[in-house]
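Have a look at the structure below, then the notes.
The values are calculated or read from the model by the stated rules, or taken from the named source; none is laboratory data. Quick caveat, the model's predicted, so the values are computed rather than measured. For neighbour counting, all protein chains shown are included, and Cβ atoms are generated from backbone atoms with ideal geometry for every residue, glycine included.
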């Protein structure tokens, strides 16, 4: 039987991915959801369609999470409410209170698509997918901050460590406070299994040193573009090793990746990504990478 789920890398070829169209986001109250500006529905919709076309063109099968008449504006960012490993899915508990109901949405999706649920984060624990990324097939880096707490990390480790996955924990800085979305993947983005784009000023020193010890080449994203993009120049989706999708408008960052041998496709994200604190990686929940 052909595998339909299983992930243990950030960069191996993306075969299947869960996405959700931005229906609720198109009419969101930007102040309530902590978006940088009011939403332009037409521009946002156009940018999302372009992004989805790039994902499909990579060869990945998009499995759509059904839309519904709900108020889950952030549900377009499917990376955070669940996490997929080799054995199945873990339903997370988002640290952003407005996202709490997305856990049930993802649970229903996995049940409908025959992906086993191997665990779930429960109160008082919180974990968001954006704080979790694979360093190698048996090591998951997890950021402890405002979106992911120690109780959640302990629960995640209890699910994964019996399955041979070590959870390596790194503290995130305060930065701009609890309202700002700063995930571990806000400061490091894997481009290949030995190459990553980083924003060094906010990166945990222990993680930086560990990645160097593991043989990663670390590309330093430019400070001015990190600030101008609200960190989204660093949010890059690998659809295969060194095959990338990134937000347009940040040429120094793109050139840095291309010089390192990466093929980078870009799409406009000034409506979809930058104001809403979510980039190409956030818009996907990888189901299968092989």
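Candidates 273, 282: the one that is in contact with a strand residue (DSSP E or B) (Cβ under 7 Å, 6 or more places away or on another chain) and either in a loop (DSSP other than H, G, I, E, B) or surrounded by fewer than 23 Cβ atoms within 10 Å (Cβ to Cβ) (or both) is 273.
Quick one: which strands (runs of 3 or more DSSP E) sit completely within region 141-248 and have at least 1 residues that are touching a strand residue (DSSP E or B) at 6+ places or on another chain (Cβ under 9 Å) and closer than 20 Å to residue 263 by Cα?
Numbers: elements: 166-171, 188-192, 195-198, 217-220, 237-240, 243-247.
Fully inside region 141-248 and qualifying: 188-192, 195-198, 217-220, 237-240, 243-247.
Please verify whether region 127-144 includes one or more residues that are surrounded by 22 or more Cβ atoms within 10 Å (Cβ to Cβ), over 15 Å from the mean Cα position of the chain (by Cα) and at pLDDT 95 or above. No, the conditions are met nowhere in region 127-144.
State yes or no: is residue 49 more than 24 Å from residue 144 (Cα to Cα), at pLDDT 95 or above and touching a strand residue (DSSP E or B) at 6+ places or on another chain (Cβ under 6 Å)?
Numbers: more than 24 Å from residue 144 (Cα to Cα): yes; at pLDDT 95 or above: yes; touching a strand residue (DSSP E or B) at 6+ places or on another chain (Cβ under 6 Å): no.
Against the criterion (more than 24 Å from residue 144 (Cα to Cα), at pLDDT 95 or above and touching a strand residue (DSSP E or B) at 6+ places or on another chain (Cβ under 6 Å)), residue 49 does not qualify.
When region 249-260 is filtered for residues that are closer than 18 Å to residue 279 by Cα and assigned to a loop (DSSP other than H, G, I, E, B), the ones remaining, listed by number, are 249, 250. Pairing residues of region 40-51 that are at negative phi and crowded, with 16+ Cβ neighbours inside 10 Å with residues that are in a helix (DSSP H, G or I) and at pLDDT 95 or above, at Cβ distances under 9 Å and at least 6 apart in sequence or on separate chains, gives 48/76. Checking each residue in region 73-93 for being out of contact with any strand residue (DSSP E or B) (no Cβ under 6 Å at 6 or more places or on another chain), part of a strand (DSSP E or B) and surrounded by 23 or more Cβ atoms within 10 Å (Cβ to Cβ) picks out only 93.
Do we find a residue being in contact with a helix residue (DSSP H, G or I) (Cβ under 8 Å, 6 or more places away or on another chain) and closer than 30 Å to residue 194 by Cα anywhere in region 29-47? Checked region 29-47: no residue is in contact with a helix residue (DSSP H, G or I) (Cβ under 8 Å, 6 or more places away or on another chain) and closer than 30 Å to residue 194 by Cα. Contact list please: Cβ distance under 6 Å, first residue in region 137-148 and farther than 16 Å from residue 173 by Cα, second residue surrounded by fewer than 19 Cβ atoms within 10 Å (Cβ to Cβ), pairs at least six apart or on different chains. Note: pairs meeting the criteria are 137/8; 138/164; 139/166; 139/168; 140/167.
The single condition from (1) in contact (Cβ under 8 Å) with a residue 12 or more places away in the chain; (2) farther than 21 Å from residue 236 by Cβ that residue 69 fails is (1). Restricting to region 52-67, and then to whatever is in a loop (DSSP other than H, G, I, E, B) and surrounded by 12 or more Cβ atoms within 10 Å (Cβ to Cβ), can you tell me which residue is modelled with the lowest pLDDT? If we take residues in region 52-67 being in a loop (DSSP other than H, G, I, E, B) and surrounded by 12 or more Cβ atoms within 10 Å (Cβ to Cβ), then 67 is modelled with the lowest pLDDT. Out of all the residues in region 11-27, which are in a loop (DSSP other than H, G, I, E, B) and crowded, with 22+ Cβ neighbours inside 10 Å? Answer for region 11-27, where residues must be in a loop (DSSP other than H, G, I, E, B) and crowded, with 22+ Cβ neighbours inside 10 Å: 11, 20, 22. For residue 230, state whether it is under 18 Å from the mean Cα position of the chain (by Cα) and over 22 Å from residue 17 (Cβ atoms). For residue 230, the condition - under 18 Å from the mean Cα position of the chain (by Cα) and over 22 Å from residue 17 (Cβ atoms) - is met. Report whether or not residue 218 is touching a helix residue (DSSP H, G or I) at 6+ places or on another chain (Cβ under 7 Å), closer than 11 Å to residue 189 by Cβ, crowded, with 17+ Cβ neighbours inside 10 Å and at pLDDT 95 or above. It is false that residue 218 is touching a helix residue (DSSP H, G or I) at 6+ places or on another chain (Cβ under 7 Å), closer than 11 Å to residue 189 by Cβ, crowded, with 17+ Cβ neighbours inside 10 Å and at pLDDT 95 or above. Taking the conditions (1) at pLDDT 95 or above; (2) out of contact with any strand residue (DSSP E or B) (no Cβ under 8 Å at 6 or more places or on another chain) in turn, residue 97 satisfies each one other than (1).
Yes/no per residue for (1) free of Cβ contacts under 8 Å to residues at least 60 places away in the same chain; (2) under 24 Å from residue 7 (Cα atoms):
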residue	(1), (2)
208	yes, yes
216	yes, yes
221	yes, no
233	yes, no
241	no, yes
246	yes, yes
252	yes, no
